[in-house]
Amino acid sequence: MPVSRNGLVLPPVSLYVHIPWCVRKCPYCDFNSYQAARDHTDTDYALPQADYVAQLRRDLLSQLPWVQGRELQSIFFGGGTPSLFSPEAIGQILSMAEELVGFAKGIEITLEANPGTFEQAKFTGYRAAGVNRLSIGVQSFNTAQLHNLGRIHSGEEAVSALAMARRAGFDNINLDLMHGLPRQTEAQALEDLRRAVSLAPEHISWYQLTIEPNTAFYSAPPSTPGSELIVGMQSSGRALLAAQGYMRYEVSAYSGQGLESRHNLNYWSFGDYLGIGAGAHGKVTLPEEGRVLRTRRTRTPRDYLSIAPARELLYTELAAPHVDPVEAGDLPLEFLMNTLRLVEGVPLDSFERYTGLSLEALSRQWPALVAMDLVEPLERRITASAFGFNYLDEILQCFLEQP
């Protein structure tokens, strides 16, 4: 494995595939997603699947030099709603990734899906294509709340979706749930969690609704619970999940033992990931050059599909993604923004290995943070304290303000 003179080494690498279309744009959503048009029969969606898959191939080809001999540890199809694509299209993307990069043994392959797009045959097809983990966007089981959030499914359809996924052969399923919803009470938030737990998913992502710029909710904000109520529902919710055997291993992620999302663990451990698709982001390490790069693709599907090949080689090479080198002075903040999200943090030596910097880069701020009981001493791991885990923004601010 390549190592630079300053000690920078290659971390594991994953692949993120962005499918930007959805049935309807939700009022809280600030992701790069676009409402899909119905075809002339009004029974399906007019998606340029073949053209998009071909462009994804060119996109991945253009990034192959960054793989540097590594196999993919995980793949994540995000969106939008990736389950609008056919099993055949998803299978083609997976075959392409395996051919061009290669899969590590036991690779985790996750597909995001929404209950309103579930069909039994379709999800049996995804499983046959190689998808082995589903992330189902439930958000709430409460019909009124689902209406407030602009979701296209009901609570019962969410329950049926998980049953269909089980029948299709999926034994690793995440349910996405939100709290802090418009006029939501603590009892309602806990009832959502109880219903989720009753379905026995392997993983639950439970996160707070936030009002983001460039969303419908930002233009017309709903009435959401106050901070005191939010703190109460979070405390009660975490206790409920723990009592049911769901371990909190990240800010908003809970799982059974050994069932953490390996793809997201790679993100939060400052691993590398290639990003392909409209608006996709990536992070890659170039130890030979002693650099870490952030990459991003053009956002709109039309612009993404119109990118012309840069040149002809043995294969058609797509114009490379936009690249933003991470300056050495920004690496501590970049590293901590990811790794401090993990309850147990990361091994101490991963900072030097993945940034090429010595621990002295943290030493100016760390003792003061230890004294305030916000972080643990730099002995075996880099981690926030149990108290500081609730104040990650304040910890990061100390590194944002460094001269």
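The values are calculated or read from the model by the stated rules, or taken from the named source; none is laboratory data. What you see is a predicted model, and the numbers here were worked out from it, not measured in a lab. Cβ: placed from backbone, ideal geometry, glycine included. Neighbour counts: every protein chain shown. For accessibility, only protein heavy atoms count, side chains too; no ligands or nucleic acids. Shrake-Rupley method; radii C 1.70, N 1.55, O 1.52, S 1.80 Å.
Does G78 fit the bill of being of a type in the set (G, A, S) and open to solvent by less than 20 Å² (accessible area, probe 1.4 Å)?
Numbers: of a type in the set (G, A, S): yes; open to solvent by less than 20 Å² (accessible area, probe 1.4 Å): yes.
So G78 fits the description; yes.
Yes/no per residue for (1) under 22 Å from L193 (Cα atoms); (2) among the hydroxyl-bearing types (S, T, Y):
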residue: R58; (1), (2): no, no
residue: S86; (1), (2): no, yes
residue: G91; (1), (2): no, no
residue: T117; (1), (2): no, yes
residue: F123; (1), (2): no, no
residue: A129; (1), (2): no, no
residue: N148; (1), (2): yes, no
residue: I152; (1), (2): yes, no
Of the residues in the range 147-181, those that are more than 26 Å from N264 (Cα to Cα) and of a type in the set (A, V, I, L, M) number 1
Residue pairs qualifying under the 7 Å Cβ cut-off, at least six apart or on distinct chains, with the first in the range 193-222 being in contact (Cβ under 8 Å) with a residue 60 or more places away in the chain and over 18 Å from G155 (Cα atoms) and the second being open to solvent by 70 Å² or more (accessible area, probe 1.4 Å) and not charged (D, E, K, R), are I211/Y218; I211/P221; E212/Y218
If I filter the range 154-164 for residues that are open to solvent by 40 Å² or more (accessible area, probe 1.4 Å), in contact with a helix residue (DSSP H, G or I) (Cβ under 8 Å, 6 or more places away or on another chain), small (G, A, S) and assigned to a helix (DSSP H, G or I), do I get at least one hit? yes
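Of all residues in the range 165-198, how many are farther than 19 Å from R238 by Cβ, in a loop (DSSP other than H, G, I, E, B) and over 22 Å from the mean Cα position of the chain (by Cα)?
Of the residues in the range 165-198, 4 are farther than 19 Å from R238 by Cβ, in a loop (DSSP other than H, G, I, E, B) and over 22 Å from the mean Cα position of the chain (by Cα).
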Subset of the range 45-66, residues under 19 Å from D272 (Cα atoms) and either surrounded by fewer than 16 Cβ atoms within 10 Å (Cβ to Cβ) or touching an Asp or Glu at 6+ places or on another chain (Cβ under 9 Å) (or both), comes to L61, S62, L64, P65, W66
Checked L378, L357, L362 against criteria (outside any loop (DSSP other than H, G, I, E, B), touching a residue at least 12 places away in the same chain (Cβ under 8 Å) and surrounded by 13 or more Cβ atoms within 10 Å (Cβ to Cβ)); the one match is L362
Taking first residues from the range 159-186 that are of a type in the set (D, E) and second residues anywhere that are part of a loop (DSSP other than H, G, I, E, B) and open to solvent by 10 Å² or more (accessible area, probe 1.4 Å), the pairs with Cβ under 9 Å that are 6 or more apart or on different chains are D171/N132; D171/E202; E186/P225
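So how many residues does the range 110-136 have that are of a type in the set (K, R) and open to solvent by less than 10 Å² (accessible area, probe 1.4 Å)?
As a first pass, look at the range 110-136 and keep what is of a type in the set (K, R): 122, 127, 133.
Filter again for open to solvent by less than 10 Å² (accessible area, probe 1.4 Å), leaving 133.
Of the residues in the range 110-136, 1 are of a type in the set (K, R) and open to solvent by less than 10 Å² (accessible area, probe 1.4 Å).
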The condition from (1) open to solvent by 60 Å² or more (accessible area, probe 1.4 Å); (2) under 24 Å from the mean Cα position of the chain (by Cα); (3) of a type outside the set (S, T, N, Q); (4) at pLDDT 90 or above that Y249 misses is numbered (1)
Looking across the range 205-235 at residues that are touching a helix residue (DSSP H, G or I) at 6+ places or on another chain (Cβ under 6 Å) and either among the small types (G, A, S) or modelled with pLDDT of 95 or more (or both), the single one that is least open to solvent (accessible area, probe 1.4 Å) is M233
